[in-house]
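Reviewing the structure listed below.
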Amino acid sequence: MACSQEVVVTGIGLVSALGCLESSWKKVLAGESGIHTGQPFPELAPCPLALMDHYPARLEPLTEQVVQAALQDAGLSSPLPDCAIVVGSSRGNQARWEEWATSQVTRNTPYSPPSLPPTWLDTLPHTAAIAAAQYIGTQGAVRSPMAACATGLWAIAQGYELIRSGEYARVVAGAVEAPITRLTITGFNQMGALARTGAYPFDRDREGLVLGEGGAVLVMESATLANQRSAPVYGRILGFGLTADGFHVSAPEPGSRAAIAAVKQCLERSGLFPEEIDYIHAHGTATELNDRNEAHLIRTLFPHKPPISSTKGATGHTIGASGALGAAFCLLALQQQIVPPTSGLKQSEFDLNLVTVARSTALQTALCFSFGFGGQNAAIALRR
């Protein structure tokens, strides 16, 4: 795919259970984890969670926090009327709807019909995108994609296309997630997907995923605009791949046929051969099926064994935001020429070049993967 406009990243806003962008990156490199056993909901049993505070985060303040940080990092300030917004969320404002539903159950009698909260319009699934648009003061396009755990990369891919096509010269794109709610914890627990003690991606004794909250957005600009304002650049987005296998509501497709197709699509659009990839940020959820299928994909497409890591053992699984966090960590890895470790990995089950201690190495290109429920597969290629 010929690019009419080169797309570069000039700012990153990120927050996780490890803190802001600088703090999260420093702790990821040190192999630290923001996962701790506890429970903000007294009626549920304690379990490992990656909370940013003692109580679950709220979506709108979290969105404003990452967008503000991204603009500051890019040397920009609002209003930015010509900036497009592509900010997604998988869970959205589910926490507020759960609170409302609980209040209805406790308040209503059999003869009193439920009523919508007066602020229900502020809790719809596109809330994060609207909050970002209002903070930035844009009059441009506002998009709110949702592709389960592939949401973050899907959002970045849409932002990339808006710039590449020449429709916009600047886009703020990424995803934000506040997924620690009663229903989310209970649902994943009922599926048998939650870990008992922690997240251990690709480990032979992995137990499952750990829910984490956070978000990341990128300030993406055409290379022309970035050059005009002499903006420092983290890296360049080369291309993306998106597919859906539609195999099962939650389980990945055996053999990873559609996921492999997404990565091949990404490489072709980016003008890259598999052997040119220097680093892969894996989805690495620490669940039995995801890690096995992802390992199969990597062995199939990348026999040269590039360094691989997953940061979910440090940040927890931020669901729809996980790909955006992964892309941010890839950009920092390219900028600083260092591969982050896979926190929580002790003994790998797979014959892969999994990094367990931060490794300084020459990096020119990186891939970031995300795979979501319903067979959503996403890959993004980045260059130093």
For this session: As a check on your grasp of the helix formula, calculate [θ] at 222 nm for the chain: sum -39500 (n - 2.57) over DSSP H runs of n ≥ 4, divide by the residue count, round to the nearest 500.
Result: -10000 deg cm²/dmol
For this session: Using the charge dipole of the stretch 11-90 (Lys, Arg: +1 at Cβ; Asp, Glu: -1 at Cβ; taken about the Cα centre), state which of ALA84, ALA30, LEU71 has its Cα farthest towards the positive end.
Result: ALA30
Exercise. Charges only on Cβ, +1 for Lys and Arg, -1 for Asp and Glu: so what's the dipole of the stretch 14-98 about the Cα centre, in debye to the nearest 20?
Worked result: 140
Seminar exercise, completed: In a Gaussian network model of the chain with springs linking alpha carbons closer than 10 Å, the residue among LEU225, LEU121, LEU14 that fluctuates most is LEU121
Exercise. Based on the Kirkwood radius over alpha-carbon pairs, what is the Stokes-Einstein translational diffusion coefficient of the stretch 270-317 at 25 °C with 0.890 mPa s viscosity, in µm²/s?
Worked result: 211
Exercise. In debye, nearest 20: dipole of the stretch 244-356 around its Cα centre with unit charges on the Cβ of K, R (+) and D, E (-)?
Worked result: 120
Problem set entry | Carbon and sulfur %, accessible surface of the chain computed with the full protein complex present, 1.4 Å | 53
Exercise. In whole Å, what are the Cα extents of the stretch 112-223 along the three principal axes, biggest one first?
Worked result: 52, 47, 18
Exercise. So, with +1 on the Cβ of K and R and -1 on the Cβ of D and E, and no other charges, what is the size of the charge dipole of the chain about its Cα centre, to the nearest 20 debye?
Worked result: 240
Exercise. Any idea how far the Cα center of the stretch 2-29 sits from the one of the stretch 263-299, in Å?
Worked result: 20
For this session: For the stretch 281-356, report the accessible area per residue in Å² (1.4 Å probe, heavy atoms, rounded to an integer).
Result: 26
Exercise. If we restrict to alpha carbons, what Rg and Dmax does the stretch 242-349 come to, in Å?
Worked result: 13.8, 39
Problem set entry | Global form of the stretch 1-81, assessed from the alpha-carbon gyration tensor, a/c cut-off 1.5 | prolate
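Can you give me the accessible area per residue for the stretch 1-92, using a 1.4 Å probe, in Å²? Please report the intermediate quantities before stating the final value.
Working: 4190 Å² over 92 residues.
Value returned for the stretch 1-92: 46 Å² of accessible area per residue.
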Seminar exercise, completed: antiparallel share of DSSP beta bridges within the chain, to nearest 5, in %, is 75
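For the stretch 201-249, compute Rh as the Kirkwood radius over C-alpha pairs and then the Stokes-Einstein diffusion coefficient at 20 °C and 1.002 mPa s; write the answer in µm²/s, rounded to an integer. Walk me through the numbers on the way to the answer.
On the way: Rh = 15.9 Å.
It diffuses with D of about 135 µm²/s by this estimate.
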For this session: Sort out for me the Cα centre separation of the stretch 321-384 from the stretch 173-234, rounded to whole Å.
Result: 12
Seminar exercise, completed: Note on the chain: the mean projected area of its alpha-carbon convex hull, in nm², is 18.2
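The values are calculated or read from the model by the stated rules, or taken from the named source; none is laboratory data. What you are looking at is a predicted structure, and each value in this text was computed from that prediction instead of being measured. For neighbour counting, all protein chains shown are included, and Cβ atoms are generated from backbone atoms with ideal geometry for every residue, glycine included. For accessibility, only protein heavy atoms count, side chains too; no ligands or nucleic acids. Shrake-Rupley method; radii C 1.70, N 1.55, O 1.52, S 1.80 Å.
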